[in-house]
Structure formats: C-alpha cells, structure tokens
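Chemist: Below you'll find the structure I mean.
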Amino acid sequence: MLLEWRCIKCILNSFGFLTCSGHFLSFQSFFLKVSRSEASHRMILLNNSHKLLALYKSLARSIPESLKVYGSVYHINHGNPFNMEVLVDSWPEYQMVIIRPQKQEMTDDMDSYTNVYHMFSKEPQKSQEVLKNCEIINWKQRFQIQGLQESLGEGIRAAAFSKSVKVEHSTAVLLVTEDILKLNASNESKFRSCAETGHPDDDFERETPNFKYGQLDVSYSGLVNDNWKLGKNERSLRYIERCIGALPAACMLGPEGAPVAWITMDPSCEVGMAYSVEKYRKTGKMAQVMVRYKKYLLQKNIPFYISVLEENERSRSSVKAAGFFEASCEWHQWTCYPQNLVPF
C-alpha cells in the first residue's frame, strides 16, 4: 500500500496537484480555479418571471445604451411572441445580458432576420471571452448582433476572428423621446399617460374624410416587404408577417382603401420599416401616422425608439418633427458570416 501511495503521489505531484507536505490542497485549489474560470465564461438562462421583471427594471437605469435589450425583455415579459430567451453572466449582479432566439427558432442558417442577438454590457471591453463560447452564439450560422454600444465591437470582432467568421459593421443615428430617457432617471417601467405628455398634435387630428388611421393588417406584409430596403425576399416576408401579426403596427389608409403610409415594430421594440408611397410623400401622412402611433405606445406603456441612417436627412427631420431627438449613443449592428456563408 505504501508503494502504491508513493506512485500515485509521484503522478499527482508531476501535475502540481500536491503540496510539499503531500496533501491535496493544491489539487483542490487547481480544481476550484478551473471551475471558476469556466463559470466566468458561462451564461445563466434567466427564465423566472420575477427575475425577468427585476432585470427589466434594472435595465432602465442604463437607458439609452440598454434599449435594445430593454425592449426585448419587454416583449418577453408580454407573451414572448418571438420565443426569445435571456442570458446573463451572473445574477442578481450582472455585467452582460444577451437576448437570443430559442434554439428551435434558429433552424435556417441563412436567416439573419431571425438569427439576431441583442446585447448590452456594463463592461463591453470584457465581452470577448464570453462571446467565444460556442454555446452562446452559433458561429456556424449567418447572424446579426445588435446593440447601442460601439465598444462592443472590439470583443465581437476578436471573437469572430477566432472562429474564422467575417464581420460587417453598420451604424445609424438613434432617436428617442423624452419619455424614454426619463425611465433612466426614475427607474420606473411605466410611462406617463398620453394626456400628460403634452405633445401638441392638434394639426394631426384633423383628417380628411378620404384618409383613415388604423392598424396595419398582416395581409399587407407583401406591400411592406416590396418597399423595405432590407427586404424584398422570402425570408424578410416571413419576418414581416410575424412582426405585423404579433406586434403593434399602424398605417394610414388612402382613398382606395390601401395603406399609403405605415410603420412597424421589431422584437426589440425598435420602430421601423416606416414608408410612405411616392404619391403621398411630403403631405404629412407619415408624420400623422408617427404621432398617433407614438401616442398609442405611450398609452400602452410600450417602450420604443428609432434608428435612421445618418445620411438620410429627410427621415431624420421627419422623426424629429414627431417629437424624437438624437440620443447620446448610436445604433450598431454587426453582421457575421461563416466562411462558407459569406455572400458574394
């Protein structure tokens, strides 16, 4: 037995698992060190309704940088129509939050409309090691990472490089309302009622008999898809159908009974796909839709924000006229392609 112990002792000592006295303290320290290192890169699935509500309220303190994730958690807490899930690096004191579709949603490796991750970090510079974890992001798919922190980019690009994945970065101006920013100051999850907002919109209340404001019906998904710069394909059509069918969407119906201007919302509460047909541009119809849509979202306590390309000055002016202003941070998107799925 003594000979056997000495042999075992030599083996363990060669790996640094024993102290000079022959005890297992070094082995325990090594084991704990490895466990803690692995745990530091592991994300926790947050699926308890009370914890999700606590997260939602906590994220309000980081608005506007947290708006992408904040809006996603809102929809998750209200029926989760897009089957999203929430991952945090620790709880209740978290540093990073990642929202992603559940596994059963991400079956099409080319569907970058569905394969979208929304991200917020209190320490963006430390995101690289978390993102390298294959269990968090499916690096074999074409996907997008969206966030409102430019500093996330360094970690995303480094992690993508380690996976031999190409990254394309795009940015836009983020536009918000005063009501959204006040959530940060008050740490509240509710807006004031529409009557309290005080935004003058009397001019928009006077409709001609030939035009009617209303909900955008899912039957017009094809029309929206055909006029969406990022759409015009089958995958985008399915995505638009889902957005219009599950989330608030509004339009102005013209004399022919078809929409002449419309606006939709995405799974992160971002307002987008706004469009008015050429015949009715510069007539105020888009502004009318925008103001009434904003009033509805405020009444329902639904968070919202808009992103517009910096060079699109006309759209930026239109959005500002509806009561929005440019936020202190920008909108960012990193589109990632594995080598075998890089578009030509």
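The values are calculated or read from the model by the stated rules, or taken from the named source; none is laboratory data. In this text the structure is predicted, and so the values were computed from the model without any measurement. Glycine also receives a Cβ, built like all others from the backbone with ideal geometry; neighbour counts cover every protein chain displayed. The accessibility values were calculated without ligands, DNA or RNA, using every heavy atom of the protein model including side chains. Shrake-Rupley method; radii C 1.70, N 1.55, O 1.52, S 1.80 Å.
Chemist: Considering only residues that are surrounded by 15 or more Cβ atoms within 10 Å (Cβ to Cβ) and not in a loop (DSSP other than H, G, I, E, B), which ones fall in segment 121-135?
Modeler: Of everything in segment 121-135, those that are surrounded by 15 or more Cβ atoms within 10 Å (Cβ to Cβ) and not in a loop (DSSP other than H, G, I, E, B) turn out to be Ser121, Pro124, Ser127, Gln128, Val130, Leu131.
Chemist: Please verify whether segment 326-340 includes one or more residues that are among the charged types (D, E, K, R) and outside any strand (DSSP E or B).
Modeler: no
Chemist: Okay, next question. Within segment 106-122, can one find any residue that is in contact with a His (Cβ under 8 Å, 6 or more places away or on another chain), outside the structural domain of Lys294 (by the TED database) and hydrophobic (A, V, I, L, M, F, W, C)?
Modeler: No.
Chemist: With the requirement that a residue be surrounded by 23 or more Cβ atoms within 10 Å (Cβ to Cβ) and in contact (Cβ under 8 Å) with a residue 40 or more places away in the chain, what does segment 67-85 give you?
Modeler: Residues satisfying the conditions are Leu67, Lys68, Val69, Tyr70, Gly71, Ser72.
Chemist: Output the number of residues of segment 91-111 satisfying the condition of being open to solvent by less than 50 Å² (accessible area, probe 1.4 Å) and either at pLDDT below 95 or hydrophobic (A, V, I, L, M, F, W, C) (or both).
Modeler: Number of matching residues: 5.
Chemist: Looking at this structure, is Arg316 in contact with a Phe, Trp or Tyr (Cβ under 7 Å, 6 or more places away or on another chain) and of a type outside the set (Ser, Thr, Tyr)?
Modeler: Criteria not met by Arg316.
Chemist: In segment 39-81, what residues are closer than 20 Å to Glu93 by Cβ, touching a Phe, Trp or Tyr at 6+ places or on another chain (Cβ under 8 Å) and not hydroxyl-bearing (Ser, Thr, Tyr)?
Modeler: Scanning segment 39-81 gives Ile44, Leu46, Lys51, Leu55, Leu59, Ala60, Ile63, Glu65, Val69, Val73.
Chemist: Out of all the residues in segment 198-218, which are part of a helix (DSSP H, G or I) and either modelled with pLDDT under 75 or open to solvent by 90 Å² or more (accessible area, probe 1.4 Å) (or both)?
Modeler: Across segment 198-218, the qualifying residues are Asp202, Asp203, Phe204, Glu205.
Chemist: Scan segment 136-150 for residues that are farther than 23 Å from Ile44 by Cα and buried (at least 16 other Cβ atoms within 10 Å of the Cβ) and report the count.
Modeler: So the count comes out to 1.
Chemist: If I go through segment 72-98 residue by residue, how many of them are over 24 Å from Lys132 (Cα atoms) and touching a His at 6+ places or on another chain (Cβ under 8 Å)?
Modeler: 2
Chemist: Identify, from the list Ser72, Ser58, Ser112, Ser90, the residue that is farther than 18 Å from Ala159 by Cβ and assigned to a loop (DSSP other than H, G, I, E, B).
Modeler: Ser90
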